[in-house]
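The values are calculated or read from the model by the stated rules, or taken from the named source; none is laboratory data. Please read all numbers here as calculations on a predicted model, not as lab measurements. Glycine also receives a Cβ, built like all others from the backbone with ideal geometry; neighbour counts cover every protein chain displayed. Accessible surface is based on the protein model in full, side chains and every heavy atom, while ligands, DNA and RNA are left aside. Shrake-Rupley method; radii C 1.70, N 1.55, O 1.52, S 1.80 Å.
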Amino acid sequence: MPVGVWCSCRCDTSVDMKAHFFFLMTIMGGLTAACTTTGAGKKKPAPVVRCMPGGGGQQGKAEPASDGTFVVAMAGDIMMGTTYPDSVLPADDGRMLFADVTDILSRADIAVANLEGTLCDTSHVANKKDSEYSYAFRTPVELAPRLKEAGFDYLSMANNHALDFGYDGVASTEKALDMLGIKHSGLLGRDVCAVVERSGVRYGLCAFGHNSYTLKHRELWQVKEILDSLVSISDVVIVSFHGGGEGKAFRHLPYEKEVYLNEDRGELRRFAHFCIDNGADIVFGHGPHVVRCIELYKDRFIAYSLGNFCTPYGISIAGISGYAPVIEAEIDRQGCFLGGRIHSFIQRRGLGPRRDTANVVVREIRSLTAADVPDSRLRITDDGRIERTDAPGHDG
């Protein structure tokens, strides 16, 4: 990006949900996002960019939080319905889509997921090539409040459907989320990161994808600069990524780079470890449209794919493509993983995620973890509890 391009880091730094905005300026030809305020217990890197408050409230140190356990709830892809090319929408404006999951998302200290597509009512033609692999998702803005009612605090936009309806669609999506107080990031030249404060803990969030218009997880120099920025102003750093091959054939996590439809979809194991090596505390993925393994790496939690979470139309939810977990990660104030739970849901066409009383989703993630990360240092019980097999501080 050229000198003088402005990107923003959206910050919510009050428990009463008032929005505070920080703006990160790109200088010296590189995307750089180091800010000048520090979170408790984090070392401040040398500031290279001014961090400018863009709203009311007091910038600076967060209110002290008591020591204890904090819960991050994570889910996968969300596309509540579409009006393109035909209209397929849930009943009653989607008010029952998240009925089975709202209690879990709302009780968490912070709830995060991936918004797969746009929130817009534009009449513009979809920005897609005509092929059997090309889809475009246009969710009406009137369905956007369902995301807030479900309990989401942050949604990634770094995916291959964010630009389905051009930058008009992007602007509409951002406006809809902003009006609801839901933070977002992940697109090149727009919101680089977000900061949300809950109970005196500042959560720094960022998102990466594989498309040209996203902040790319392949460009590790850029990933590091954004992480350096968030580490300087956050207590806990959460990274979202969209990548990997798509479909049932890609449920296993490879060690090498993934190529799908002639696209470089990332070397995701390396990327996730790189993020934690550079200050991230939780890394969660989506993109394959199926669930993948989980891992404990250097006391930090990784979920490599959370699959399709709420995609009642337009995306296949047959078989394992309909597995829709919510994972709760329990962490301390330093981001160290203490334990967690996989809540098992399976999607129903037109209805969204519904409780999986047989816990088949738990069994799938446990099987994939045993196969793909045999030394994960995690035990997954029959009812979905995630337990460490070692004591915190003894991992890597």
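Do we find that residue 346 is open to solvent by 10 Å² or more (accessible area, probe 1.4 Å), in contact (Cβ under 8 Å) with a residue 40 or more places away in the chain and either closer than 30 Å to residue 91 by Cβ or assigned to a strand (DSSP E or B) (or both) in this structure? Answer is no for this residue. Note on region 318-343: residues that are open to solvent by less than 20 Å² (accessible area, probe 1.4 Å), in a loop (DSSP other than H, G, I, E, B) and over 15 Å from residue 251 (Cβ atoms) amount to 2. Return yes when residue 167 is assigned to a loop (DSSP other than H, G, I, E, B), surrounded by fewer than 23 Cβ atoms within 10 Å (Cβ to Cβ) and out of contact with any Asp or Glu (no Cβ under 7 Å at 6 or more places or on another chain) and no when it is not. No.
Within region 171-194, the residues that satisfy the criterion of being in contact with a helix residue (DSSP H, G or I) (Cβ under 8 Å, 6 or more places away or on another chain) and more than 17 Å from residue 148 (Cα to Cα) are 187, 190, 191, 192, 193. Among the residues of region 210-219, not a single one is surrounded by fewer than 24 Cβ atoms within 10 Å (Cβ to Cβ) and of a type in the set (A, V, I, L, M, F, W, C).
Selection of region 364-384 for residues being open to solvent by 60 Å² or more (accessible area, probe 1.4 Å) and under 23 Å from the mean Cα position of the chain (by Cα) yields only 366. The single condition among (1) closer than 30 Å to residue 318 by Cα; (2) not in a helix (DSSP H, G or I) that residue 249 does not satisfy is (2). Of all residues in region 70-105, those satisfying the criterion of being out of contact with any strand residue (DSSP E or B) (no Cβ under 9 Å at 6 or more places or on another chain) and within 23 Å of residue 327 (Cβ to Cβ) are 102, 103. Among the residues of region 172-191, at least one is more than 18 Å from the chain's Cα centre (by Cα) and in a loop (DSSP other than H, G, I, E, B). In this structure, residue 252 does satisfy being open to solvent by 20 Å² or more (accessible area, probe 1.4 Å), at pLDDT 95 or above and closer than 28 Å to residue 390 by Cα.
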